[in-house]
Amino acid sequence: MRAPVRPLALALSLAVGLLAGCGPAADDAKPNSNTSPGAATPSAPAKRTLAPHDPPQRFDARGQVPLPEAATKGRTNLAGQVRGGGEDLPVLLHEARAFVVSPTGVQVVDLADGRIVGEEAAGGQALHEDSDGFVLPPVLAGSEVLVPFLVSVPASGTHTAGAMVELVAVSTAPPYKAAWRTTVKLPEWALNSRRVQAAAVGAENGTAVVTVTGGDDAVSYGIDTASHAVRWTQPGLEAVQVGAGTAVGLGHISPLISAPLGVDLATGTEKWRGGKTYAAIMNGAGPGTIRVTGPQVGDNGDQLLDVTSGKARAFMPPGMRAVDCTYDRAATLVCTKGFAVVAVDAATGTLLWSLQDGDQGRTPPTVTAVWHGRVYGHGAGGPVVLDARTGADMPTNPEAVPLLVNEYVGLVLDDNRLFSYPAGG
């Protein structure tokens, strides 16, 4: 159970206005004889900037910046914890900006001072009210952020009401406006499902992939990023990852039964299909690699697969099939199992280290985030950072426990609100 993180210090206010006062007219630029020779000229305070630290070792609460309420709306439980953890928050960190998504729009936040520097709205009415908790994070695709919105189509004349997914590509450069947008009509089940979700999976070579799920139903689309037309449709495919000319995901066969499936990114034609698996789980495990497992597969069924062929690149260590793992976007899968933390090499499936309660007088942390070779979490003595490759405690006190991390900031939960803390080395 994750506990809310309390800020370590009150945030300092950031002055953003010019100093008051009047200067001489442009035509009267001679120095004032009453001004002492060494007097300083008033000027605006320098804008705060964030310095990159890859990976961060600590997070400074003195630079605390609040994110919009949409970042956590519908996400927290009565204990003040985020359901699903930081990876499921509707937030994408890109350099010193955060893209925060709600069912009706996206806001771009300057993480140095908290200003909203850009906004885009969905083109239609949200498909379901109070669906904040089902919004997934957007994804970065080159110089654009792909944001899918589920919108309703009202009944008109003899045409019944329906549902659409609207894909909006927001530029990562000022003024952070939509570079393009397009809509795709959804199957009838999307209108009737109360747990429907849309995910932008990724883009490569001019094709963006969007997947929509609801219960046991799923559909994926390949969208041309130049013409914005639908290139292909794959009913039943819950796409998870894009790479190496392939969109890969789980093909829904029947309730709780699915099979790993890879389709050609340009055409949507099937390239490979794996065996049927009960309650299968698929997650990205690095460039060109996915992990496929399930609660009832044997140890040989917990595999790291090549996305282009579907063949096993490696097997996970024994006893890990029901364990959740997160890729650190570098080289390591960090897994949490009860009161233990386990690290696995993402390329070979080799067990790197494990930490269980009482091992060498240590207590495993409650992991909240992993990024670029670091594990962040709550330890026995407060916030901790571990080396993802060795499991060793890093010597720097991180000061806070982040849910999401990049080289500029850590996002920290406090009283059901998400705050950005500047990263430090």
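The values are calculated or read from the model by the stated rules, or taken from the named source; none is laboratory data. Just so it is clear, the model here is predicted, and its values are computed rather than measured. Here the Cβ is made from the backbone with ideal geometry for all residues, glycine too, and neighbour counts use every protein chain on show.
Residues that are within 23 Å of LEU333 (Cβ to Cβ), free of Cβ contacts under 8 Å to residues at least 60 places away in the same chain and part of a strand (DSSP E or B) do occur in the stretch 211-229, at least one of them.
Checking each residue in the stretch 358-401 for being in contact with a Pro (Cβ under 9 Å, 6 or more places away or on another chain), free of Cβ contacts under 8 Å to residues at least 24 places away in the same chain and not hydrophobic (A, V, I, L, M, F, W, C) picks out GLY379, GLY382. Contact annotation: residue pairs with Cβ atoms under 8 Å, 6 or more positions apart or on different chains, pairing a residue in the stretch 92-110 that is under 12 Å from GLU120 (Cα atoms) and not assigned by TED's automatic domain parsing to the domain that holds LEU403 with a partner that is among the hydroxyl-bearing types (Ser, Thr, Tyr) and modelled with pLDDT under 95, are PRO103/SER131.
Could we say that SER254 is surrounded by 16 or more Cβ atoms within 10 Å (Cβ to Cβ), at negative phi and of a type in the set (S, T, N, Q) here?
Numbers: surrounded by 16 or more Cβ atoms within 10 Å (Cβ to Cβ): no; at negative phi: yes; of a type in the set (S, T, N, Q): yes.
The answer is no for SER254.
Scanning the stretch 257-270 for residues that are crowded, with 19+ Cβ neighbours inside 10 Å and in contact (Cβ under 8 Å) with a residue 24 or more places away in the chain turns up PRO260, LEU261, GLY262, VAL263, LEU265, GLY268. Of the residues making up the stretch 284-298, those that are closer than 21 Å to LEU256 by Cβ and surrounded by fewer than 21 Cβ atoms within 10 Å (Cβ to Cβ) number 5. So which residues in the stretch 57-109 are among the hydroxyl-bearing types (Ser, Thr, Tyr) and surrounded by fewer than 18 Cβ atoms within 10 Å (Cβ to Cβ)? THR104, the sole residue that qualifies. Where strands (runs of 3 or more DSSP E) sit wholly within the stretch 38-148, those with at least 1 residues that are at pLDDT 95 or above, on the phi < 0 side of the Ramachandran plot and touching a helix residue (DSSP H, G or I) at 6+ places or on another chain (Cβ under 8 Å) occupy 91-94, 97-102, 105-110.
Check whether at least one residue in the stretch 378-392 is assigned to a strand (DSSP E or B) and among the polar types (S, T, N, Q), and report yes or no.
No; the residues of the stretch 378-392 include none that is assigned to a strand (DSSP E or B) and among the polar types (S, T, N, Q).
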